[in-house]
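Inspection log for the structure reproduced underneath, given as structure tokens.
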Amino acid sequence: MKYKLVIDKGAEEGVVVTARAPSSLTRQIEDLVRSFSGPDHLLGFREDEMRKLAFGDIECITVLDRKVMALDAQGRRYRIQERLRDLEQLLPTYFIRINKSTLANEHRILRFDAAFSGGVDAVFQCGYRDYVSRRCFAEIRRRYEGK
């Protein structure tokens, strides 16, 4: 792999990566670039408090009772004002879609359990469980296999 750094005070900053295929390295580079080029947190609302939720502390973001909610490491739920489809563009690449209404922090998924009905559930470190759709599970599987 080649590395080239060009320092030019008059140029617009940017990062260009040329790779044959996505890999864990390309995802880490993207996460690093995003962490310096945009917000690294969301605002969450719970009862009478407003809190900054760092992306790394969020277990998942899901729609519950037609409201977008973020779950933190302790399992507390915070109301998020953004729509799920907007968050998908904003969040780092380690947030993956596991079903139509949930984005999961893949670093916070403890394991995937096979359900009795033949489906798969994602179990998070805080204890929260959510189903994984077949379509999303196929994509997650490809991602973990590095394809």
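Observations on the structure shown:
- Of note, D121 satisfies the criterion of being modelled with pLDDT of 90 or more, acidic (D, E) and either part of a strand (DSSP E or B) or surrounded by 15 or more Cβ atoms within 10 Å (Cβ to Cβ) (or both).
- Single match in F116, F95 (criterion: under 23 Å from R141 (Cβ atoms), out of contact with any helix residue (DSSP H, G or I) (no Cβ under 7 Å at 6 or more places or on another chain) and free of Cβ contacts under 8 Å to residues at least 40 places away in the same chain): F116
- Only one of R77, R34, R85, R66 that is modelled with pLDDT of 90 or more and either in contact with a Pro (Cβ under 7 Å, 6 or more places away or on another chain) or on the phi > 0 side of the Ramachandran plot (or both): R66
- Sole residue being in contact with a helix residue (DSSP H, G or I) (Cβ under 9 Å, 6 or more places away or on another chain) and among the small types (G, A, S), chosen from A19, A11, A54: A19
- Number of the exception - Q74 against (1) touching a residue at least 40 places away in the same chain (Cβ under 8 Å); (2) loosely packed, with under 12 Cβ neighbours inside 10 Å; (3) part of a strand (DSSP E or B): (3)
- Candidates E13, E47: the one that is at pLDDT below 80 and either loosely packed, with under 13 Cβ neighbours inside 10 Å or farther than 30 Å from R129 by Cα (or both) is E13.
- Among the residues listed as I140, I96, the single one being of a type outside the set (D, E, K, R), assigned to a strand (DSSP E or B) and either in contact with a His (Cβ under 7 Å, 6 or more places away or on another chain) or under 26 Å from P39 (Cα atoms) (or both): I96
The values are calculated or read from the model by the stated rules, or taken from the named source; none is laboratory data. Computed from a predicted structure; not experimentally measured. Virtual Cβ from ideal backbone geometry, glycine too; neighbours counted across all protein chains shown.
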